[in-house]
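First the structure, in the form of structure tokens, and then the observations on it.
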């Protein structure tokens, strides 16, 4: 069980690397914000997989906090863009 | 491994697959709006599958409740965040990809108040005509809003 979860964590980490590629080369600021949002969701998914691998429910709370923070960050960035930030 | 463990691994694997699809879509799609479309939807599905795996693995009422709560939270917040971001990008005239056929919102947003004017009539077939505005007083009999400021809110 733990070995399979470690493999899935590895796949998820490389997928997060793809999100970093978009974060680095995104032509406009909204592209980078979407990439940041995706990285936040990946962090939450990693916390859930880690809780399965370790067999401890406590790490699900980390997933809740990560998803909440990424949602708030995205909404704040959207507000900032709509008020007229530099693209 | 028992059947329950196999089910856990399959559910978590399906979730990870959808997360990878989201990351690939984020890199392969041609413009901002399609990128966001691909990324937001499939990560919601992916994280739901991963949480299904964790609920199967733990099986206690506490863990299942927490997993259901996180799924509901994602289903509520992911569309809200995506909509806020797409709206902001549309106001700031982030370009669509060159092969976009129809932009039905073009010119219908007021640039100073960020409100939609009137009601946009949607056309089902692309390329027939641009969207036309049903004027506000015809819609809800309020003549104060009828002065047409159809200035280019968004140059697409």
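Regarding the stretch B:82-98, can at least one residue be identified that is exposed (fewer than 13 other Cβ atoms within 10 Å of the Cβ), modelled with pLDDT under 90 and not in a helix (DSSP H, G or I)? Walk me through how you get there before you give the answer.
Initial filter on the stretch B:82-98 (exposed (fewer than 13 other Cβ atoms within 10 Å of the Cβ)): B:97-98.
Filter again for modelled with pLDDT under 90, leaving B:97-98.
Those left that are additionally not in a helix (DSSP H, G or I): B:97-98.
Scanning the stretch B:82-98 turns up at least one residue that is exposed (fewer than 13 other Cβ atoms within 10 Å of the Cβ), modelled with pLDDT under 90 and not in a helix (DSSP H, G or I).
Just checking, which of B:54, B:48 is more than 10 Å from chain A (Cβ to nearest Cβ), touching a helix residue (DSSP H, G or I) at 6+ places or on another chain (Cβ under 8 Å) and part of a helix (DSSP H, G or I)? Working first, answer last.
Working: B:54 fails: more than 10 Å from chain A (Cβ to nearest Cβ).
Exactly one residue qualifies, and that residue is B:48.
Name, by its number, the condition in (1) part of a helix (DSSP H, G or I); (2) more than 9 Å from every other protein chain (Cβ to nearest Cβ) that does not hold for residue A:64.
(2)
Which ones in the stretch A:51-60 are more than 8 Å from every other protein chain (Cβ to nearest Cβ) and surrounded by 13 or more Cβ atoms within 10 Å (Cβ to Cβ)?
A:53, A:59
Among the residues of the stretch B:61-79, count how many are within 7 Å of chain A (Cβ to nearest Cβ) and surrounded by fewer than 14 Cβ atoms within 10 Å (Cβ to Cβ).
Looking only at that region, the number is 1.
The values are calculated or read from the model by the stated rules, or taken from the named source; none is laboratory data. None of the values given here were measured: they were computed from a predicted structure. Ideal geometry is used to build each Cβ from the backbone, glycine not excepted, and the neighbour counts take in all protein chains shown.
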